[in-house]
Amino acid sequence: MAEQRNQNGSGHNSPFVELERADWAALASSTRLPLQETELVQLRGLGEPLNLSEVTDVYLPLSRLLNLYVAGTKQLHRATSDFLGERSATTPFVIGVAGSVAVGKSTIARLLRELLARWEDTPRVELVTTDGFLLPNAELERRGLMERKGFPESYDRRALLRFVNAVKSGAPEVRAPFYSHLSYDIVPDAQITVRQPDVLIVEGLNVLQPPAPGHRLAVSDLFDFTVYVDARTSDIARWYEERFLKLQRGAFSNPKSYFHRFASLSEEQARARARGIWQSINEPNLLQNIRPTRSRATLVLRKDSDHAVSSVLLRKL
């Protein structure tokens, strides 16, 4: 097992232990993979070559580790209840998944949902993305934030905090707004309902952010375990551009799509447009807001240029 040099590649003072992929895969070598190739097809994101080998080597051990964390948290809850002389109901184990646009965090969140639901003690797993807590486009326009959509200030952070707090507190039923990627906006009167899951996964760009100025609590304070999906900036930029092209040929062709105006662009024009969006919005958000939260994660998945995870960093403190 190799110690991580640290996030900047120097010394042994990092709070993380780094494991190469082969060493990480060996930690769950006797655990049976509960998914079939046909199921992976439904979980893949655009341009992500997720295969059974990747799931077996990387995500099966992660699901096993998370299962151990869930069991440990339940045991601690029982011990605390005994100490206090009360019998309170167990509350959901909450996992945060963070990372840049186009890095593959949504696919990873969906995959973890499926894997964790196959463990006997966590059959009910819910996944919520923070897209539903973006301010409506009309409000973003009013505040002059449409070009900063995805930045921390473009979210209703209080509503997200209330939602996760209610789920974490064991509320019987909690509702979240619904976001449409087709209309690129919150859908009025549409909601996602979460009913006392064993595990709640919250996936989003900025879920590891510390409290906003003037606030004592952030949604990250309510997480039991957090995952940051990491890759080189140049690789993520290329993945974003390729994903944009695939969307242009697919979803953007729908007349109801917010981005339908891009459907008629030539490939050269589409690439130029994608690079422009990346350089003006997504890259600044990554460098200013998202990547600085990497060190707050419990576990970091480092990807190579082919989207495959090359190493895993696990917090040791």
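What the table shows:
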item	result
GLN196 open to solvent by 60 Å² or more (accessible area, probe 1.4 Å) and assigned to a loop (DSSP other than H, G, I, E, B)	yes
Cβ-Cβ under 7 Å pairs, at least 6 apart or on other chains, the range 103-122 side within 16 Å of GLU39 (Cα to Cα), far side of a type in the set (Gly, Ala, Ser)	SER106/GLY45; THR107/GLY45; LEU112/SER63; LEU115/SER63; LEU116/SER63
Residues of the range 13-52 satisfying the condition of being of a type in the set (D, E, K, R), farther than 21 Å from PRO123 by Cβ and out of contact with any helix residue (DSSP H, G or I) (no Cβ under 7 Å at 6 or more places or on another chain)	GLU18, GLU20, ASP23
Contacts under 7 angstrom Cβ, first residue in the range 178-195 being closer than 18 Å to VAL164 by Cα, partner among the acidic types (Asp, Glu) and surrounded by 14 or more Cβ atoms within 10 Å (Cβ to Cβ), 6 or more apart	TYR179/ASP131; VAL194/GLU126
Any hit, the range 199-215, residues being of a type outside the set (A, V, I, L, M) and over 25 Å from VAL174 (Cβ atoms)	yes
Where PRO49 falls short, out of the listed (1) assigned to a helix (DSSP H, G or I); (2) open to solvent by 60 Å² or more (accessible area, probe 1.4 Å)	(1)
Among (1) part of a helix (DSSP H, G or I); (2) more than 21 Å from the chain's Cα centre (by Cα), the one test that ALA109 misses	(2)
Residue check for VAL41: part of a helix (DSSP H, G or I) and surrounded by 19 or more Cβ atoms within 10 Å (Cβ to Cβ)	no
Exclusive hit being of a type in the set (D, E, K, R), touching a helix residue (DSSP H, G or I) at 6+ places or on another chain (Cβ under 6 Å) and closer than 25 Å to ALA166 by Cα, set ARG110, ARG124	ARG110
Matching residues in the range 121-180 - criterion: being among the hydroxyl-bearing types (Ser, Thr, Tyr), surrounded by fewer than 16 Cβ atoms within 10 Å (Cβ to Cβ) and not in a strand (DSSP E or B)	SER169
The range 79-101 - residue that is of a type in the set (Gly, Ala, Ser) and open to solvent by 10 Å² or more (accessible area, probe 1.4 Å) and, of those, farthest from GLU126 (Cα to Cα)	GLY85
Unmet criterion (only one of (1) farther than 25 Å from LEU247 by Cα; (2) under 15 Å from the mean Cα position of the chain (by Cα)) for PHE83	(2)
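The values are calculated or read from the model by the stated rules, or taken from the named source; none is laboratory data. As the structure is a computational prediction, the values presented were derived from the model and not from experiment. So basically every Cβ, Gly included, is an ideal-geometry build from the backbone, and we count neighbours across all protein chains shown. Remember, those area values only see protein heavy atoms, side chains included, never the ligands or the DNA or RNA. Shrake-Rupley method; radii C 1.70, N 1.55, O 1.52, S 1.80 Å.
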